[in-house]
1. If each residue of separation counts as 0.36 nm, what is the full-extension length gain between LYS249 and GLN234 once their alpha-carbon separation is subtracted?
2. Using a Förster distance of 45 angstrom, determine the FRET efficiency expected from the C-beta separation of ALA226 and ASN52, and round it to 0.05.
3. Beta carbons within 10 angstrom, averaged per residue: use that to sort the peptides 284-290, 118-124, highest first.
4. Fewest to most neighbouring Cβ within 10 Å: what's the order for PHE281, PHE117, PHE72?
5. Please figure out what share of the DSSP beta bridges in the chain is antiparallel and state it in percent, rounded to the nearest 5.
6. In terms of Cα to Cα distance under 30 Å, which lysines are near enough to LYS238, apart from those fewer than 8 places away along the same chain?
7. With a ≥ b ≥ c taken as the square roots of the eigenvalues of the C-alpha gyration tensor of the chain, please select rounded if a/c is under 1.5 and otherwise prolate if a/b is larger than b/c or oblate if it is not?
8. Return, ordered by residue number, the residues of segment 65-88 whose backbone nitrogen is under 19 Å from a label point located 7 Å along Cα→Cβ of GLU15.
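Each reported figure results from applying straightforward, stated rules to the coordinates on display, with no laboratory input. These numbers were taken from a predicted model, which means no experiment stands behind them. Every residue, glycine among them, receives a Cβ derived from its backbone with ideal geometry; neighbour counts consider all protein chains shown.
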Amino acid sequence: MKTLLQNFESIVRQEEPLSLHSTMRVGGPARLAAFPRSADELTMLISTAKENNIRYIIVGNASNILFDDGGFDGLVIFTTAMRKIEWNGNTVTAECGASLTGLSAAATKRGLSGLEFAFGIPGSIGGAVYMNAGAYGSEISAVLTESTYLQNGEIHTRTAEEHHFSYRTSIYRSTSDIILSATLTLTPDDPRDIEARASRNMTSRKNKQPLEYPNAGSVFKRPEGAFPGALIEQAGLKGLRIGGAEISKKHANFIVNRGGATAADILCLIGTAQNEVYQKFGIMLETEIIYINEH
Ligand SMILES: Cc1cc2nc3c(=O)[nH]c(=O)nc-3n(C[C@H](O)[C@H](O)[C@H](O)COP(=O)(O)OP(=O)(O)OC[C@H]3O[C@@H](n4cnc5c(N)ncnc54)[C@H](O)[C@@H]3O)c2cc1C
């Protein structure tokens, strides 16, 4: 731990509150939190953590994560300072920490279509590839041509097919590989049309989602033939509040932090929704948000 602090003084913080870095604004302290600025720095950081037996996790913008109230007794590596973007005609290569919404806006300006669905998703490119982020009938898998990743200190490349993308998942979910960058191929179109589609999606988000409160996006994945929000609402749970957490009155597949919510409050709401929906409809809701509880 001393070595890591000494070698990476400018990018490592001790006892960093994870609530400051998650869109849910929940989570206790990380023993160490690091913000590498390049793939080289990330690679060196991980090899030092491994040499010193320090457990680590990789996080993007923590917009799909619920950190535990006890925090994380190890190293939380945030990629958000790794945000280089290189354009080459219709193709763009973005580092893992680049903002998905930022990239969508930049593509619009360049008259490149394919990321309109992503405007308003508050994640990073790495998180989007890991989760196969999607909305409004499209997903990152529709535009991704390859990604690079770190595995045992070496950089490799994966083609689109090798990602085995499906609904909210990719091969990265079943490996400990770290996504370093993604290359996307977009399609030229009239910037006004692209902008109209992106802003239509954003308006729909504002109308349907409780963006006025901290949240982590959809809590549950869509089960076959049903919508979690409708099931939770029909189970009479819309607006249910435990501590500072609430099943949103605006959209029942969102849990919002109404002030001072803890991970325990949120987990209680998640369990209640799962139980009630199962009792009523025989459907077991599976969480989309990822709970980090290794403390
Ligand atoms: C208001 C709101 C709206 C949202 N709308 C949508 C939506 O429409 N569609 C949708 O799909 N999602 C949506 N989300 C959820 C979330 O924004 C996306 O899943 C996003 O892609 C997650 O990116 P992130 O950087 O925040 O990932 P994080 O939450 O930081 O991490 C998610 C997972 O990815 C892993 N990960 C992150 N970066 C890397 C990396 N470089 N290498 C390896 N693993 C990595 C993490 O370990 C973690 O397991 C929404 C969230 C919010 C708060």
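1. Values: separation 15, 0.36 × 15 = 5.40 nm, distance 1.27 nm.
Fully extending the segment from LYS249 to GLN234 adds 4.1 nm.
2. Details: r = 47 Å, r/R0 = 1.05.
Using R0 = 45 Å, I get an efficiency of 0.45.
3. Values: 284-290: 16.6, 118-124: 24.3.
My ranking of the peptides, most packed first, is 118-124, 284-290.
4. On the way: PHE281 14, PHE117 22, PHE72 25.
Neighbour counts put them in this order, fewest first: PHE281, PHE117, PHE72.
5. Working: 38 of 49 bridges.
Here the share of antiparallel DSSP bridges comes out near 80 percent.
6. LYS206, LYS208, LYS221, LYS249, LYS250, LYS280
7. Working: a/c = 1.81, a/b = 1.10, b/c = 1.64.
Here the chain falls in the oblate category.
8. Taking a point 7 Å out along Cα→Cβ of GLU15, the residues of segment 65-88 whose backbone N falls under 19 Å are 68-76.
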